Amino acid sequence: MGRTQVFIILMLLLPYMAEVSGARVPSVKFEPQTTDLHLKIDFGNETILEFPSVNGTTVLNATRAVVSVEADWYADNVFVTAIAGVSNDADAGLWWQYWVNDELAPVAANKYIPQQGDEIAWRRAPPQSADDGATDIDVSTVAALLLLPIAAIGVVLFLKNRSTE
């Protein structure tokens, strides 16, 4: 038996031997690449770069496909610290954040898997949350807050009149 044949047999038996020995065999995760992403990078100083047709499996690697990205890792989540050489500025309160289809993304850039045609916008701006500027006022809450004191006064007056009789 030649060396090549021995090598092929060993490679075929390796996963089985690893399983029998209790060794952990890493799994390979396949993520299909999303195409036709529109990527926009707003540096916060009137400089905007636009890339009309970008491909990637996550927002992070789609961005890395067209510009340099520096990042810190916290467990398995990325925190982007610079894009195209422009860093976050803690003193000025400017941080890189990304939006997908005009909505602030809820997860780290390495976790967001875009859909074909998504518009991804990186902005270097003061921190924002998904509910910044929300002005939704529940009318029933306002009504309850107005009626509750009136009802309480009515109960007190009723009890007072009843106790004097």
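No value in this document is a laboratory result; all are computed from the given coordinates. Because the structure is a prediction, the values reported are computed rather than measured. Please note: Cβ atoms are built from the backbone with ideal geometry, for glycine as well, and neighbour counts cover all protein chains shown.
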The summed charge of the Asp118 Cβ neighbourhood (under 11 Å; Lys/Arg +1, Asp/Glu -1) stands at -4
Checking rank on 82-94, 50-62, with mean other Cβ inside 10 Å and highest first, the result is 50-62, 82-94
Looks like region 35-110, by Cα gyration tensor root eigenvalues a ≥ b ≥ c and the a/c under 1.5 rounded cutoff (else prolate when a/b is bigger than b/c, oblate otherwise), is oblate
Packing-ranked peptide list from 63-74, 113-124, highest mean Cβ count within 10 angstrom first, is 113-124, 63-74
Listed by chain and number, the residues whose amide H is under 5 Å from that of Asn110, excluding neighbours fewer than 5 places away on the same chain and using placed H, are Leu60, Val78
